[in-house]
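Colleague: My structure is below; once you've seen it, I'll send some questions.
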Amino acid sequence: MLSVKNPIMTGFFPDPSICRVGNKFYTVHSTFAYFPGVPVFESEDLVHWNLISNVLDRDSQVPLSGCQHSQGIFAPTIRYHKGTWYMITTNVSDQGNFIVTAKDPRGPWSEPYYLGESTGGIDPSLFFDDDGTCYYIGQRPRSAGYRYNGDCEIWIQTLDLDTMQLKPDATIVLTGFQRKAIWPEGPHLYKKDGYYYILHAESGTSIHHSVMIARSKNVFGPYEYCPCNPILTHRHLGAQYPVTCVGHADLVDDGNGNWYMVVLACRPNQGYTLLGRETFLAKVTWEDDWPVVNAGVGHLEDVVTLPYEGQPSDDVPQCKTYTFDTPSLPLELLTLRNHRDHELELHAEEHIVRLFHRCDSLKDCGEPAYLALRQQHWNCEFETSFTPHFCKESDCAGIAMVQSNENHLRAECYPQDSGVKLVVSLCKDGKDSCLAQMDLPAALPIKLK
């Protein structure tokens, strides 16, 4: 037996989607304004996960110019069918819903197949039926009339795989479980033992987030909701519970009768979730043809025991150093929005990366000269060593902790006659305040931690 500690992916890995091909599991996650987009993880045991690619690694696939931190790429879904991988998602800052395909999850992934304005909404997913028919399922504002904020519907439509376009058979199937439901979203479609199932989130992404499920004998319905809905939520545990905002799930089986759910959740600290939305794992059993999540427990567990053999996961975070000694950047490193090629040069022979000064700052919705790592633990240290080459007085170089354009902490070095001036600034609600400053000698390199 193997055990894994929740969350199985710490830090900014929201909106998980999972599928199994053979004896391996694969997940993808939202990336919003960050580039490259949609990381792909691979695992043989749901415990040890390896980042194997980023799906959207070219500007042409994911235009992000001018988008806010919480815009860009929403809720991807990964699926596999007859030798082809499919990733479907929404770029809310560009042309909406699109699909990319690949023959290998490591890439390369295709250019986008845009589904056009007819789809609308967000959070698309794909399902391949037993006869090979592909169905699109998505969320959009209620077509009969948008009565209140979050008044949405879920619908199903056939996708022509030859043309990558939707057929004119859109059918509204659900409008949410609760009376006056808000934000029924993130739907996924499955088939098991003669039933079609729709799993979706509801009640928004904050502390009332929840997971609902419905079933039907016909793919286009009518669907009945599970009487035990929500099948997973933490909203009844209160805002001070260590894990909150549980929702947006996806189901997978291991081929041996065991079922699991990946789901996003937050670990707040003093009321804030600076680690972002993370990916958690739960066990699923079936009773009366309905899924039961963590039977006898009813909430996410700190440790999940799995029926596999192997080495346990290491709970102690390890120090990782990036020396840029390969021809390409490590997959974990991100930039804000696009134009990464114009922001940096990688010099493997010198073990350095050169970031070029740009007019855009971290307060702008532009493409700052900014190379980022996800913060994955509350107690952590980041350190960087660099040699600044300034062209003008307004140039700066340093290190930052970024939540958004409006909220971040920066330690920046500016040129002056006798060396450099270090300025520590807090940007809160878009306004800077200086926390500390000091003069540093001209001796190089500079190390900030």
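The values are calculated or read from the model by the stated rules, or taken from the named source; none is laboratory data. In this text, all values refer to a predicted model and were calculated from it rather than measured experimentally. Neighbour counts are summed over all protein chains in view; Cβ atoms, including those assigned to glycine, are modelled from backbone coordinates with ideal geometry. These accessible areas exclude ligands, DNA and RNA; they are computed on the full protein's heavy atoms, side chains included. Shrake-Rupley method; radii C 1.70, N 1.55, O 1.52, S 1.80 Å.
Colleague: Just the residues that are of a type in the set (A, V, I, L, M, F, W, C) and open to solvent by 60 Å² or more (accessible area, probe 1.4 Å), please, taken from region 253-274.
Modeller: L274
Colleague: While we're looking at this one, here's another question. Are any of the residues in region 209-230 closer than 30 Å to L409 by Cβ, at pLDDT 95 or above and either hydroxyl-bearing (S, T, Y) or under 19 Å from the mean Cα position of the chain (by Cα) (or both)?
Modeller: Checked region 209-230: at least one residue is closer than 30 Å to L409 by Cβ, at pLDDT 95 or above and either hydroxyl-bearing (S, T, Y) or under 19 Å from the mean Cα position of the chain (by Cα) (or both).
Colleague: Let me ask another. Among the strands (runs of 3 or more DSSP E) lying completely within region 340-391, list those that include at least 2 residues that are of a type outside the set (A, V, I, L, M) and over 16 Å from K320 (Cα atoms).
Modeller: 344-347
Colleague: Looking at region 141-153, I want the residues that are at pLDDT 95 or above and have a partner that is hydrophobic (A, V, I, L, M, F, W, C) and loosely packed, with under 13 Cβ neighbours inside 10 Å with Cβ atoms under 9 Å, at least 6 apart or on another chain. Which pairs are those?
Modeller: E153/A144
Colleague: Also: Is there a residue in region 202-220 that is of a type in the set (K, R) and open to solvent by 50 Å² or more (accessible area, probe 1.4 Å)?
Modeller: Within region 202-220, one or more residues are of a type in the set (K, R) and open to solvent by 50 Å² or more (accessible area, probe 1.4 Å).
Colleague: Mind listing just one residue for me: the one in region 300-313 that is under 20 Å from G255 (Cβ atoms) and more than 23 Å from the chain's Cα centre (by Cα) and, of those, surrounded by the most Cβ atoms within 10 Å (Cβ to Cβ)?
Modeller: L306
Colleague: Just wondering, is there one or more residues in region 65-78 that are open to solvent by 20 Å² or more (accessible area, probe 1.4 Å) and on the phi > 0 side of the Ramachandran plot?
Modeller: So far as region 65-78 goes, yes, one or more of its residues are open to solvent by 20 Å² or more (accessible area, probe 1.4 Å) and on the phi > 0 side of the Ramachandran plot.
Colleague: What is the number of the single condition among (1) touching a Ser or Thr at 6+ places or on another chain (Cβ under 8 Å); (2) without any contact (Cβ under 8 Å) to a residue 60 or more places away in the chain; (3) acidic (D, E) that E287 does not meet?
Modeller: (1)
Colleague: Taking V297, is it outside any loop (DSSP other than H, G, I, E, B) and either touching a residue at least 12 places away in the same chain (Cβ under 8 Å) or more than 21 Å from the chain's Cα centre (by Cα) (or both)?
Modeller: So V297 does not fit the description; no.
Colleague: Residue pairs, Cβ under 7 Å, 6 or more apart or interchain, first in region 436-449 and closer than 21 Å to E381 by Cα and open to solvent by less than 90 Å² (accessible area, probe 1.4 Å), second in a strand (DSSP E or B) and not aliphatic (A, V, I, L, M). List them.
Modeller: P445/S385; P445/F386; I446/F386; I446/C413; L448/T384; L448/G398
Colleague: Among the residues of region 85-107, is there at least one that is over 25 Å from E278 (Cβ atoms), touching a Lys or Arg at 6+ places or on another chain (Cβ under 8 Å) and of a type outside the set (F, W, Y)?
Modeller: no
Colleague: Mind checking which residues of region 358-398 are under 24 Å from G419 (Cβ atoms), among the acidic types (D, E) and either loosely packed, with under 11 Cβ neighbours inside 10 Å or at pLDDT 90 or above (or both)?
Modeller: E383, E393
Colleague: Mind listing just one residue for me: the one in region 161-196 that is hydroxyl-bearing (S, T, Y) and touching a Leu at 6+ places or on another chain (Cβ under 7 Å) and, of those, nearest to R215 (Cα to Cα)?
Modeller: Result: Y196.
Colleague: Return yes or no: is V353 open to solvent by less than 60 Å² (accessible area, probe 1.4 Å) and more than 24 Å from N6 (Cα to Cα)?
Modeller: Yes: the conditions hold for V353.
Colleague: Looking at T90, T84, T101, which one is surrounded by fewer than 23 Cβ atoms within 10 Å (Cβ to Cβ), hydroxyl-bearing (S, T, Y) and in contact with a Phe, Trp or Tyr (Cβ under 6 Å, 6 or more places away or on another chain)?
Modeller: T101
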